[in-house]
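All remarks here apply to the structure that follows.
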Amino acid sequence: MLSREDFVFTIGYDGPAAVVDKQAKKKYGGFSTRELAEKGLFRAAYSSALFAGKQEEFNLIVDVYNVLVGQSSGEAPKVDLPAMERLFGVTLVDVNRAVYL
């Protein structure tokens, strides 16, 4: 299984290996799910919550997203968790190797 940081910054797969964004991992690898969401890195935040498997982290991402969108455009439509699941398309995959770009 990949480390949390490798999983969070995986941008795709090349056969049995995860392709990891090395620069993003270096810059944001130590950030919590909340910090990633607050920085606007919602795909990474969603991946972090999925890796942790805690519902509170998913709810936090939805809340941060709705606050940020609401602040920038007045009364923006609210986003829920199923919408984020479809948007990011991230799922846990059992790979043991990472390739860094």
So the number of lysine pairs in the chain with alpha-carbon atoms under 29 angstrom apart, 8 or more residues apart or on different chains, is 11
In whole percent, the Cα-Cα distances of region 4-100 spread across 10 Å bins from 0 upward as 16, 47, 29, 7, 1
Computed over the chain: longest principal axis from alpha-carbon atoms vs helix 42-52 long axis, angle to nearest 10 degrees, is 70 degrees
Residues meeting the amide H criterion for Val20 (H placed from the backbone, H to H distance under 5 Å, 5 or more places apart or on another chain) are Ile11, Val99, Tyr100, Leu101
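Coordinate-derived values only; no laboratory data. Values in this document were obtained by computation on a predicted structure and should not be read as measured data.
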